[in-house]
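Okay, structure first, notes after.
The values are calculated or read from the model by the stated rules, or taken from the named source; none is laboratory data. As the structure is a computational prediction, the values presented were derived from the model and not from experiment. A quick note on method: Cβ atoms are made from the backbone with ideal geometry, for glycine too, and the neighbour counts reach across all protein chains shown. Note: areas computed on protein heavy atoms with side chains; ligands, DNA, RNA excluded. Shrake-Rupley method; radii C 1.70, N 1.55, O 1.52, S 1.80 Å.
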Amino acid sequence: MGKGRKVLSSDHARALIKQAIGIIFGDTKVEAEATTEIATIEARQTTNQPTRPSRPARI
């Protein structure tokens, strides 16, 4: 997960659970699907975040 991410979306949490189940039961297909879903969700979230200009330093 990226820096500064404090709350997971329901889709992200579901994909993480799916990945964990795939790991526990040794199902590489399910694990790979979940990993792809997680990467897609994280990429979408990082590209949609607006950039804020930095605050000037206080003297």
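Please find, within the stretch 19-28, the residue that is least open to solvent (accessible area, probe 1.4 Å) out of those that are within 19 Å of the chain's Cα centre (by Cα) and not hydrophobic (A, V, I, L, M, F, W, C).
Taking the stretch 19-28 and keeping what is within 19 Å of the chain's Cα centre (by Cα), we get 19-23.
Retained after the next criterion (residues that are not hydrophobic (A, V, I, L, M, F, W, C)): 19, 22.
Details: Gln19: 43, Gly22: 1 Å².
Restricting to residues being within 19 Å of the chain's Cα centre (by Cα) and not hydrophobic (A, V, I, L, M, F, W, C), the top hit is Gly22.
Listed by first and then second residue, the pairs linking a residue in the stretch 1-29 that is modelled with pLDDT under 80 to a residue that is among the hydroxyl-bearing types (Ser, Thr, Tyr), with Cβ atoms under 7 Å apart and 6 or more places separating them unless they lie on different chains, are Gly2/Thr46.
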